[in-house]
1. Can you run down the residue pairs with Cβ atoms below 8 Å, 6 or more apart or on separate chains, where the first is in the stretch 109-126 and free of Cβ contacts under 8 Å to residues at least 12 places away in the same chain and closer than 25 Å to residue 94 by Cβ and the partner is open to solvent by 100 Å² or more (accessible area, probe 1.4 Å) and in a loop (DSSP other than H, G, I, E, B)?
2. Where residues in the stretch 137-157 are open to solvent by less than 50 Å² (accessible area, probe 1.4 Å) and more than 18 Å from the chain's Cα centre (by Cα), which of them is nearest to residue 22 (Cα to Cα)?
3. Filter the stretch 1-47 for residues that are of a type in the set (Ser, Thr, Tyr), farther than 15 Å from residue 135 by Cα and surrounded by 14 or more Cβ atoms within 10 Å (Cβ to Cβ) and give the result.
4. Mind checking which residues of the stretch 48-82 are among the aliphatic types (A, V, I, L, M), loosely packed, with under 14 Cβ neighbours inside 10 Å and more than 13 Å from the chain's Cα centre (by Cα)?
5. So the check is Cβ under 8 Å with 6+ separation or different chains; which pairs have a first residue in the stretch 31-46 that's modelled with pLDDT of 95 or more and a second one that's open to solvent by less than 60 Å² (accessible area, probe 1.4 Å) and of a type in the set (S, T, N, Q)?
6. Select from the stretch 93-125 the residues that are closer than 20 Å to residue 28 by Cβ and among the hydroxyl-bearing types (Ser, Thr, Tyr) and list them in ascending order.
7. If you check residue 134 against the conditions, is it under 23 Å from residue 81 (Cα atoms), open to solvent by less than 90 Å² (accessible area, probe 1.4 Å) and out of contact with any Ser or Thr (no Cβ under 6 Å at 6 or more places or on another chain)?
8. From the list 98, 167, 85, pick out the single residue that is exposed (fewer than 12 other Cβ atoms within 10 Å of the Cβ) and modelled with pLDDT of 95 or more.
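The values are calculated or read from the model by the stated rules, or taken from the named source; none is laboratory data. The structure presented is a predicted model; accordingly, all values stated were derived computationally and were not measured. No Cβ is skipped: glycine too gets one built from the backbone with ideal geometry, and neighbour counts run over all protein chains shown. Each accessible area value is taken on the protein alone, full model and side chains, heavy atoms only, with ligands, DNA and RNA left out. Shrake-Rupley method; radii C 1.70, N 1.55, O 1.52, S 1.80 Å.
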Amino acid sequence: MVVATDSGIVANHIPVMTHAEPKPLGKLRGHIARANSLWKQYRAGSEALAIFHGPDAYISPNYYPTKQQTGEVVPTWNYAIVQARGTLEFTHDAEWLRELVGNLTTAHEATQPHAWKVDDAPREYTRSMLGMIVGFEFTVTDLVGKLKLGQNRTLEDRQGVLEGLKRAGDSASLEMVSMMDLK
């Protein structure tokens, strides 16, 4: 989440929940620590930017058959992202925060063999922890997706990139292979 404040640009990495309403683009809901100055510095009604990163990977010129043919290649980076623009509203409402934290916890604990729930913690502790956060709703006004997957390259070069990424074998490269797969 990136916003401009009177003291400059502020960026925070924040888990959020997506909501389809209001149409057409919905809202994001999340929370930050009360100690985080974002909620105090944000100018109400000003634009905020949420950036969602998908797979990304370095593309070596060595992956391109064109390198051997013409030498006219340079390194690059392939990526997939979504940028959401909108406005923020902050809340201190304890019930709203408890519902949000419960929903975030349920979503992220779903893969655990014994999923932890907010109610697993002592009630007084939970109340104390909720008092240390500030919730927000981000009303999305614009969405922009950006894919740079070598679309400008020949089929032969794109196949070379797929093979190079497969040989690299790291998780980022393999994720990019799944995005680029030319089946």
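1. Matching pairs, first to second residue: 109/116; 109/117.
2. So, considering only residues that are open to solvent by less than 50 Å² (accessible area, probe 1.4 Å) and more than 18 Å from the chain's Cα centre (by Cα), the one nearest to residue 22 (Cα to Cα) is 149.
3. Selection gives 5 alone.
4. 74
5. Hits for this filter: 32/12.
6. Correct list: 105, 106.
7. Taking the combined requirement at face value, the residue does not satisfy it.
8. Going through 98, 167, 85 in turn, just one is exposed (fewer than 12 other Cβ atoms within 10 Å of the Cβ) and modelled with pLDDT of 95 or more: 167.
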